[in-house]
Amino acid sequence: MNIKHLEHLLVLADTGSFSRAAEKLFITQSALSRSIQSLEDDLGAKVLDRIGKRNELTPLGLDVVARARHIVRDAAELRHSAKLLQEGGGGAIRVGLGSGPAALLMTSLMCEAAKTPNMRVVVTQGPVELQIQQLRSRQLDAMVVDMRRVIPAADLNIESLVELKAGFMVRARHPLAAQKTVTFTDVLRYPIASTPLSDEVARLMVAQYGPSANPAEMVALCCDDLASLINAAEQTDAVYLGVISATRVGLKEGKLVALELKPKFLATARFAYVTLAGRTEAPAMAYFRNFVRDRLCE
């Protein structure tokens, strides 16, 4: 039985059409038809019923497709492992970074990679849900993201890295910066800038400050670009809500001030290192894992 025949059957099952499957595989329809026929010859039974212009998997075909997904994935991992052994200590780092981790890691990661021979780094940013899709499709080797936004699944390894303090920051000359006591009601008088928050954080905030703390209604400026949110807080009366360590440069230079709320803000940011279960780790990725842990925990 040929792995390539199984790969062709999977694409055909996913597209439901010989023409679309052949186009996706960059082969002719006749070549695809011969591949499926060869698979059926090997199995001694049909995997596909051709009913007019429609193609339906037979009971055997459904079973083969379910098993083939694991077989094809394992074969891909074998090829991946062989490639890693040939590459040795160098290689590529293909990672996804959430908004918080990107603000804390991006510059130092690029600087470290520039000093490491034979190292190539590709960083993807965007919604966690999209990054998980890219991880599952092998476009990424790992993700460092908000742990609370990752839904646990059997095919994911989710390793907790660090829990960091979060809070509200404003520019040094902001009206709230001069107040000795700041309440959550005071904060709500100004636009709040934040990345998308997890449902768990939203529940914590509502439990602490009431319904008005629901991020869906409270946040006026929302995006995944943490640098833009921090810049908005430095240049306007917007109040930045997020990881305090991401603003350490602004705090050190006196551009930003951390607000001390009464009662004290309790929510934190929890970052996780996420990979696909069962996938061989490249030497370069082992280096990246240690780099991330060292930087986030300093």
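Observations, loosely collected:
- Among the residues of the range 108-152, the ones that are over 14 Å from the mean Cα position of the chain (by Cα), within 19 Å of GLU281 (Cβ to Cβ) and of a type outside the set (Asp, Glu) come to 7 in all.
- Filter result for ALA142 (open to solvent by 60 Å² or more (accessible area, probe 1.4 Å), aliphatic (A, V, I, L, M) and either in contact (Cβ under 8 Å) with a residue 40 or more places away in the chain or within 23 Å of ARG293 (Cβ to Cβ) (or both)): no
- Screening the range 1-50 for residues that are surrounded by 14 or more Cβ atoms within 10 Å (Cβ to Cβ) and small (Gly, Ala, Ser) and picking the one that is farthest from the chain's Cα centre (by Cα) gives SER38.
- Residue satisfying all of: in the range 233-253; free of Cβ contacts under 8 Å to residues at least 40 places away in the same chain and part of a helix (DSSP H, G or I); least open to solvent (accessible area, probe 1.4 Å) among these: VAL249
- Looking across the range 259-298, the residues that are in a strand (DSSP E or B) and either under 30 Å from PHE184 (Cβ atoms) or acidic (Asp, Glu) (or both) come down to LEU261, THR268, ALA269, ARG270, PHE271, ALA272.
- ASP225 charged (D, E, K, R) and closer than 16 Å to PRO101 by Cβ: yes
- Some residue of the range 168-185 being under 19 Å from PHE265 (Cβ atoms), among the hydroxyl-bearing types (Ser, Thr, Tyr) and free of Cβ contacts under 8 Å to residues at least 60 places away in the same chain: yes
The values are calculated or read from the model by the stated rules, or taken from the named source; none is laboratory data. Not measured: the values here are computed from a predicted model. No Cβ is skipped: glycine too gets one built from the backbone with ideal geometry, and neighbour counts run over all protein chains shown. These area figures cover heavy atoms from the full protein model, side chains too; ligands, DNA and RNA do not enter into them. Shrake-Rupley method; radii C 1.70, N 1.55, O 1.52, S 1.80 Å.
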